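First comes the structure, then the notes that go with it.
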Amino acid sequence: MRLKESHEDGVVIFALSGAIDLHYAPTLRSLFQSKLNERCPALIVDLSAVDFIDSTGLATLIEYHRDAGAHGGIFSLAGINPNREGSGDFPNRGGSQGGDQKRAGAAIPGG
């Protein structure tokens, strides 16, 4: 798993690549926690180069969404690939929110 952090117009962008799984989730959770401590106003996570995500990785993304929302932060996912290997339960895949992938980023539902 690799992460490249960049900043653009006051927005933090995490470009992830590789796998987000049980082994990497604690590291990602720690990085997210640092952004929460900084009161990051907006964070985009680019998943276009992620080739696998398991339920632990999904839980980590959902936790940050919940926690960022508590202080008014904005969290968005970009580059969601419906053909990605893993749990198959990617946010915004199917259901009433299917097709939201046309936007630059799709927020995790439930927050």
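Laboratory data are not the source of any read-out in this text; all were calculated from the coordinates shown. Computed from a predicted structure; not experimentally measured. Because the Cβ atoms are built from the backbone with ideal geometry, glycine has one as well, and the counts that use them run over all protein chains shown.
Subtracting the Cα-Cα distance from 0.36 nm times the residue separation, let me have the gained length for A49 to D21 in nm, one decimal. Please list the in-between numbers first.
Numbers: separation 28, 0.36 × 28 = 10.08 nm, distance 1.43 nm.
Taking 0.36 nm per residue and subtracting the Cα distance, the gain is 8.7 nm.
Taking 22 Å as R0, compute the FRET efficiency from the Cβ-Cβ separation of N83 and K4 and round it to 0.05. Mind showing how you got there, number by number?
Working: r = 23 Å, r/R0 = 1.03.
Here the calculated transfer efficiency is 0.45.
How would you rank D46, D67, going from fewest to most other Cβ atoms within 10 Å of each one's own Cβ? Don't skip to the answer; put the middle values down first.
Details: D46 21, D67 16.
Ordered by Cβ neighbours within 10 Å, fewest first: D67, D46.
Taking H as built 1.01 Å from N, whose amide H comes closer than 5 Å to the amide H of I74, not counting residues under 5 places away?
Counting only residues 5 or more places away or on other chains, the set is A42, L43.
Please sort by residue number the GluC sites (Glu not before Pro) in segment 1-47 whose DSSP state is loop and whose Cβ has at most 15 other Cβ atoms within 10 Å.
Values: sites: E5, E8, E38; in loops: E38.
Those satisfying the criteria are E38.
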